[in-house]
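Quick notes on the structure that follows.
The values are calculated or read from the model by the stated rules, or taken from the named source; none is laboratory data. Small disclaimer: the values here were computed from a predicted structure and weren't measured. Please note: Cβ atoms are built from the backbone with ideal geometry, for glycine as well, and neighbour counts cover all protein chains shown.
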Protein chains: 2
Amino acid sequence: MADFLIRKLENFSRLSTEDRHALDQASRQRMRQIRPRDDIVREGDLPPGVTLILDGWACRYKTLEDGRRQIIAYLLPGDLCDHGVPILREMDHSIGSLTAVTLAEIPPETVRQLTADHARLAQALTWESLVAAAIQREWTVNIGQRTAFERLGHLFCELYLRLQAVGLTRGTTCEVPLTQAEIADTIGLSVVHVNRTLQELRSIGLIALRGRELTLPRLEALQRAVQFNPNYLHLDHEGRHLDANET
Amino acid sequence: MADFLIRKLENFSRLSTEDRHALDQASRQRMRQIRPRDDIVREGDLPPGVTLILDGWACRYKTLEDGRRQIIAYLLPGDLCDHGVPILREMDHSIGSLTAVTLAEIPPETVRQLTADHARLAQALTWESLVAAAIQREWTVNIGQRTAFERLGHLFCELYLRLQAVGLTRGTTCEVPLTQAEIADTIGLSVVHVNRTLQELRSIGLIALRGRELTLPRLEALQRAVQFNPNYLHLDHEGRHLDANET
DNA sequence: TAAATTTAATAACAAAAGTTAATCGGGGTC
DNA sequence: GACCCCGATTAACTTTTGTTATTAAATTTA
């Protein structure tokens, strides 16, 4: 059930069979199905406990009074949300599904046990939350400093690598179930301009889009063209922390 | 020594004398002075342990190859940085001082003891880190969706309230030791446009700037004008979580 | 105190991105 | 199979914001 999360965590450290089993069990206790484009939690609600996206895409977002909307983060299969359960009184943003979503609510007690009994797991989960924070920071940079062209290319690089980390790419291709309006709300551009920029990326041959299928035929070139530096994803040390054989 | 942090945490919950004393002791173990506009940690460095800003302003920032720079977060007196010490191998961004800064490095062992021995403190520290994350999200919204006018006003509202939370405001005034160039790098605008927008805010009487002294004579009006909603700062429940007398 | 260096303020012009509106196209529905 | 609806595309035009350059003012330093 927790396959995507497990796969992601193993980018950071090798988990034992028990680690994996425990995580899997935890994810099976309370599952929930969400329809596409439905709210999972709304701003003002009591923050939910730890939530794991088992499958599908969701996002954090915030709506201004006049209807402008910013997508703040994507929640992909294997992503966790921890709002520090009883500490904050209410959500300051909403979470909504983009596609159909399957999620697991992991009870506080289960989280406590998991991290208490499985040191590696605890470490790996810390890693995952540090990376989530790093992604949020990178989005600030992306929206604040980059041109439309760079923003869009950067987003695609990030999505591709994050999907790859959970095994959701085939070759140079991955599914990106976003409308241009959603992309616009993500990188702070108008739909029209997203469309223009998309054309540009296509015409140079840096991306290909067939339906919801995104192909990055020349990832390296794309990364260079938009100054994408993957360091913030902290994916580059497969288990090194736990192997004693470092240089 | 840790006065600002203590004051900030008490916006969330009342601390006991021992809590405060323990925090204060922890902050005295390893102090460091940083000159204005100096790097504290650089991208690529090994992430430092838990760092507490005792006094002065610092910021997280990221520089692109071609020199563009984005300020990702402000670190004000009483702010904490926790990079999850040994988990990530290298910093994906830099931290630099804006003014002269006094900081405390809190050894991992001390952090462990603090949170183990002082439950309230542990909770309060979790609160502070959740708020830091919420601020980061709000910046995404600010830069992504708002006009120059709103962005700037929003930033000022945030800074004022954060400074107020640590007792660094006098009436409607606070010190904001930023150049217009730094503000520009914060909200993703050019210096020239920041200047223009500043004039506009001034001419309407929503802000006054004398040197580094920022006055918000009509905070409410400013908040309305820029659609500032302070909910993301989660400052509105003075100790409620620990008092049993809730509704 | 004077010189040097930042920082702030303006202006004129250029470019990027937004707005509005119309059309096209595919997928699903009746 | 005709109709609808949503999402994508395109065009024309507007607005916001960026760029470059110059000057003024304020700080810092010598």
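Pairing residues of region A:36-49 that are in the same structural domain as A:LEU75 (by TED's automatic domain parsing) and within 16 Å of DNA strand C (Cβ to nearest atom) with residues that are outside any loop (DSSP other than H, G, I, E, B) and of a type in the set (Gly, Ala, Ser), at Cβ distances under 7 Å and at least 6 apart in sequence or on separate chains, gives A:PRO36/A:SER97; A:ARG37/A:GLY96; A:ARG37/A:SER97. Among helices (runs of 4 or more DSSP H) entirely within region A:100-207, having at least 2 residues that are within 16 Å of DNA strand C (Cβ to nearest atom) and either within 14 Å of another protein chain (Cβ to nearest Cβ) or in contact (Cβ under 8 Å) with a residue 24 or more places away in the chain (or both) singles out A:119-145, A:148-165, A:180-187, A:191-203. Being at pLDDT below 95 and either within 15 Å of A:THR186 (Cβ to Cβ) or facing chain B (nearest Cβ under 7 Å) (or both) is the filter here; which residues of region A:64-82 pass it? If the condition is that a residue be at pLDDT below 95 and either within 15 Å of A:THR186 (Cβ to Cβ) or facing chain B (nearest Cβ under 7 Å) (or both), then A:GLU65 is the only one that fits. Just one of the listed residues (A:ARG32, A:ARG7, A:ARG20, A:ARG37) is farther than 30 Å from B:GLN223 by Cα, in a loop (DSSP other than H, G, I, E, B) and not acidic (Asp, Glu), namely A:ARG37. Kindly indicate the residue of region A:176-220 that is of a type in the set (Gly, Ala, Ser) and under 14 Å from A:ARG151 (Cβ atoms) and also farthest from DNA strand D (Cβ to nearest atom) among those meeting that condition. Across region A:176-220, the extreme among qualifying residues is A:GLY188.
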